[in-house]
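Peer 1: Pasting a structure below so you can have a look.
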Amino acid sequence: MRITLARIGNHKTVVFAAEELNKYLKLIDPELFIDVRVYEKYDETLEGLLWVGMDEAFTAEMPKVKDASLDDAILINVASSTGVISGNNPRAVLIAVYRFLKELGCAWVRSTSDGEIIPSYTMTPVTTYVCEAASYRHRAICIEGAVSFEHITDMLDWIPKAAMNGYYIQFFLPAVFFERWYTHKSNRFLPPEPLDNEAIRGMVERIEEEISKRSLLYHAIGHGWTSEPLGFDSAGWHEEDSANIPEEKRVLIAELNGERAFLKGVPMNTNLCYSNPKARKIMTDAVADYCISHPEVKFVHFWLADYPNSFCECENCRDTLPSDHYVMMLNAIDERLTAAGCDTKVVFLVYYDLLWAPKTEKINNPDRFTMMFAPITRSYAQSFKTVDFSSTETAPFVRNKLIIPKDVAENVAHLTNWQKCTGVEDGFDFDYHLMWDHHNDVGYYKVAQTLFDDMQNLDKIGLNGMVSCQLTRASYPTGLPMYMMAEGLWDKECDFEEKSDEYFLSAFGADGLAVKEYLKKLSELIDPNFLRNATPERCEAHKTSIPLAIGTISEFEKTIAVNLDTLDGSNLRKSWEYLSLHAIITKEYANALLLRANGASEEEKVVAMEKLCDLINTNEMKLHRVLDCFFYYHRVRYVIAQK
């Protein structure tokens, strides 16, 4: 069979999209002959071509969106392997190519280099039609956890394949994330690897190239604005001696308990004295200068210190809400950017003390800003789907004595207050389902349901998408939560059961639905609320359900063994290899949890904990693509130690 692939123009992302289409079609059918041609624009008089790219001729059929530079829409109109694969922006063209390949049977079941499932068959003329716009604008991943350069580039490769569209690099230099991986501090079996800031900057530059190649929406900074402009370390939550603060800068730092010093010794956690015009100007000028000098960054995040109950108590600050000082700074940033003709979006956050909306200040130019709702203390036992938001009130603001709400409805009530008083229409959820809480669900099934339900209901709380603050490696035992997040963000009307069936069959083959039922059962037998320490310690149900889980794992290991014996070295087999390691480690984890449920001594729990952690660490290099062992190691130690 022969396909004549006609690329429209030379935009780097369209070029990459055509290359990807060529590559994967040849992987499906190595005997396929593909003739690649390049045209400046679409020519309807030419027959027998498969066009890839953008052209005004496709506009009438393309779904309409509010802003084609931000809101993705795709058009696939192919009959007998000729026709059009297009999008309303270059990034959407790439998404459309991957969607076309998905229609041919390709799947990307993990955000890893071993997560692509490519069918093998002799191709015949293809006919398919897709005309869709994404349900939500914001569909992005934020760097977190312990990462290598390879882990990040794998994620960037996966993002458009999953029809997501953005990536967020926190900090001026995201050193802390790379340090966690390359130093291997939590794994005594792995020696530290050489790493310095110059090497990290080099990796970030190459990561930015990968972002640009895919035309992903680039988010940047967030943490660091209270420290970097003053010359303090902003590469992570590192400690510095407050005695070294110059006096001319000390006056700019928040006063707490009568002292101006780094909060707990950490510049990143330290707010400034926001009633001081000089402190505000130093920050707002730094933000504006960064936006103007980094036009490649579409969304610049402007956050305050990363710690609750840490705002200045001086005479001039104490009677003004932090959010009112915050809005003053937002307006100052906008004035600078407007004067400079800079169209960068500035992201402000509703988070910790800033959950409480401003009382006196108003945002002058709402179109400049995107609101970020970050309910970091929320419970994941509830989703946005299951909560009644109609009558929830918020607790009053009491400076530095706040109890940050865990209740989902109360968090959303704060969001609603911000929405009412600012006029900012664009906003997204910045949430943490896959940062910590997924490790409370050994089957990854309940967390996938909650995450999917949240994505489907974002519009009901006035948000236009999600930037997932998550571990880069979160596909252990499966990539189901990330898959369902992406599906729900692209199409909020899709069905969980249908899409999860699709996932398991793609990832595991003929026994995929058996894997689904197995992991679903594990999520029920080892109750996530028990791991969250949200249920009574000695509940009889845990004493009986955990042994049942161990038995369930042992029984299913027979199915795992059969598949490992019969499958070849493909990525389908890799799914079963990961599931096999998960079974071994989870049985050990369950034994330790059973000790906790039965009220074992601290000595007994410590022995079990160390045995489990050694098992995790000795398998890290087999699991590193799918499991952040650094965070998992610390999480299981915490869970087992609970009384």
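Bear in mind that the values in this text are calculations on the coordinates, not laboratory data. Just so it is clear, the model here is predicted, and its values are computed rather than measured. Every residue, glycine as well, gets a Cβ built from its backbone with ideal geometry; the counts of neighbours run over all protein chains shown.
Peer 1: Compute from the Cα atoms of the chain the Rg and the Dmax, the latter being the longest Cα-Cα distance, and quote both in angstrom.
Peer 2: Over the chain's Cα set, Rg and Dmax evaluate to 25.5, 80 Å.
Peer 1: Moving on to the next point. For region 257-345, what does the equivalent ellipsoid look like in terms of its semi-axes, each the square root of 5 times an eigenvalue of the Cα gyration tensor, given largest first in whole Å? Don't skip to the answer; put the middle values down first.
Peer 2: On the way: eigenvalues 139, 42, 20 Å².
Over the Cα atoms of region 257-345, the ellipsoid semi-axes are 26, 14, 10 Å.
Peer 1: A further question follows. Count neighbours as other Cβ atoms within 10 Å of each site's Cβ, and list the GluC sites (Glu not before Pro) in region 1-64 that are DSSP loop with at most 12 such neighbours.
Peer 2: Values: sites: 19, 20, 31, 40, 44, 47, 56, 61; in loops: 31, 40, 44, 47, 61.
Here the sparse-neighbourhood loop sites are 31, 40, 44, 47, 61.
Peer 1: Along the three principal axes, how long is region 148-235 when you take its alpha carbons, biggest first, rounded to the nearest angstrom?
Peer 2: For region 148-235, the Cα spread along each principal axis is 39, 37, 19 Å.
Peer 1: Hey, another quick one. Name the shape class, rounded, prolate or oblate, that the alpha-carbon gyration tensor gives for region 325-476, where a ≥ b ≥ c are the square roots of its eigenvalues, rounded holds for a/c under 1.5, and otherwise prolate holds if a/b is larger than b/c and oblate otherwise.
Peer 2: It comes out prolate by the Cα gyration axes.
Peer 1: While we're looking at this one, here's another question. Need one number for region 2-133: average projected area of the convex hull over its C-alpha atoms, nm². Please list the in-between numbers first.
Peer 2: Numbers: hull surface 31.6 nm².
The directionally averaged projection comes out at 7.9 nm².
Peer 1: Further question: Could you tell me which of 325, 384, 632 has its Cα farthest along the dipole of the chain towards the positive end, charges placed at Cβ (Lys, Arg +1; Asp, Glu -1), taken about the Cα centre?
Peer 2: Among 325, 384, 632, the one farthest towards the positive end of the dipole of the chain is 632.
Peer 1: Just round it to a whole percent: the fraction of Cα-Cα distances in region 397-541 exceeding 18 Å. Display every interim value, and only then the final one.
Peer 2: Values: 6598 of 10440 pairs.
Across region 397-541, Cα pairs with separations above 18 Å total 63 percent.
Peer 1: If you split all Cα-Cα distances of region 70-220 into 5 Å bins from zero, what percentages do you get per bin, shortest first?
Peer 2: With 5 Å bins starting at 0, P(r) equals 2, 9, 16, 17, 16, 14, 10, 7, 5, 3, 1, 0.
Peer 1: How much of the DSSP beta bridge set in the chain is antiparallel, as a percent to the nearest 5? It would help to have the intermediate numbers written out before the result.
Peer 2: On the way: 19 of 63 bridges.
So the antiparallel bridges amount to about 30 percent of the total.
Peer 1: Using the C-alpha atoms of region 507-641, what convex hull volume per residue, in cubic angstrom, is computed?
Peer 2: Numbers: hull volume 13.7 nm³, N = 135.
It comes to 102 Å³ per residue, whole-number rounded.
Peer 1: Using the count of nearby Cβ atoms within 10 Å as a rough guide to exposure, how do 217, 623 rank from fewest to most?
Peer 2: On the way: 217 24, 623 21.
Ordered by Cβ neighbours within 10 Å, fewest first: 623, 217.
Peer 1: Which value, in debye to the nearest 20, describes the size of the charge dipole of region 139-225 about its Cα centre when Lys and Arg Cβ atoms bear +1, Asp and Glu Cβ atoms bear -1, and nothing else is charged?
Peer 2: On the way: 9 positive and 12 negative charges, 57 e Å.
Dipole of region 139-225, to the nearest 20 debye: 280 debye.
Peer 1: Loop-only trypsin sites (Lys or Arg not before Pro) in region 45-152, please: DSSP not H, G, I, E or B, and at most 14 other Cβ atoms within 10 Å.
Peer 2: Numbers: sites: 64, 66, 91, 99, 102, 110, 137, 139; in loops: 64, 66, 110, 137.
Those that pass, being in a loop and sparsely packed, are 64, 66.
Peer 1: Oh, and also: Return, for the Cα atoms of region 138-494, the radius of gyration and Dmax in Å, separated by a comma.
Peer 2: Cα-based Rg and Dmax for region 138-494 come out at 19.9, 58 Å.
Peer 1: Quick one: dipole size for the chain, taken about the Cα centre, charges +1 on Lys/Arg Cβ and -1 on Asp/Glu Cβ, in debye to the nearest 20. Please list the in-between numbers first.
Peer 2: Values: 66 positive and 94 negative charges, 142 e Å.
Dipole about the Cα centre, nearest 20: 680 debye.
Peer 1: Are there GluC sites (Glu not before Pro) in region 204-246 that DSSP marks as loop and that have at most 15 other Cβ atoms within 10 Å, and which are they? The partial results should precede the final answer.
Peer 2: Details: sites: 205, 208, 209, 210, 239, 240; in loops: 239, 240.
In loop regions of region 204-246 (DSSP not H, G, I, E or B), the sparsely surrounded GluC sites (Glu not before Pro) are 239.
Peer 1: So what is the calculated 222 nm ellipticity per residue for the chain, using -39500 (n - 2.57) for each DSSP H run with n of 4 or more, over all residues, to the nearest 500 deg cm²/dmol?
Peer 2: Rounded to the nearest 500, it is -13500 deg cm²/dmol.
Peer 1: When averaged across all projection directions, what area in nm² does the alpha-carbon convex hull of region 308-381 cover?
Peer 2: On the way: hull surface 24.8 nm².
The number I arrive at for region 308-381 is 6.2 nm².
Peer 1: Right, here's the next one. Starting from the exponent 0.38 and prefactor 2.2 Å, build the expected Rg for region 114-179 from its residue count and divide its actual Cα Rg by it. Walk me through the numbers before you get to the answer.
Peer 2: Working: Rg = 16.7 Å, N = 66, 2.2 N^0.38 = 10.8 Å.
Region 114-179 yields a ratio of 1.55.
Peer 1: Once you charge only the Cβ atoms, +1 for Lys and Arg and -1 for Asp and Glu, what is the size of the charge dipole of region 436-554 about its Cα centre, to the nearest 20 debye? Intermediate results must be reported in sequence, preceding the final value.
Peer 2: Numbers: 11 positive and 19 negative charges, 104 e Å.
Computed about the Cα centre, the dipole is about 500 debye.
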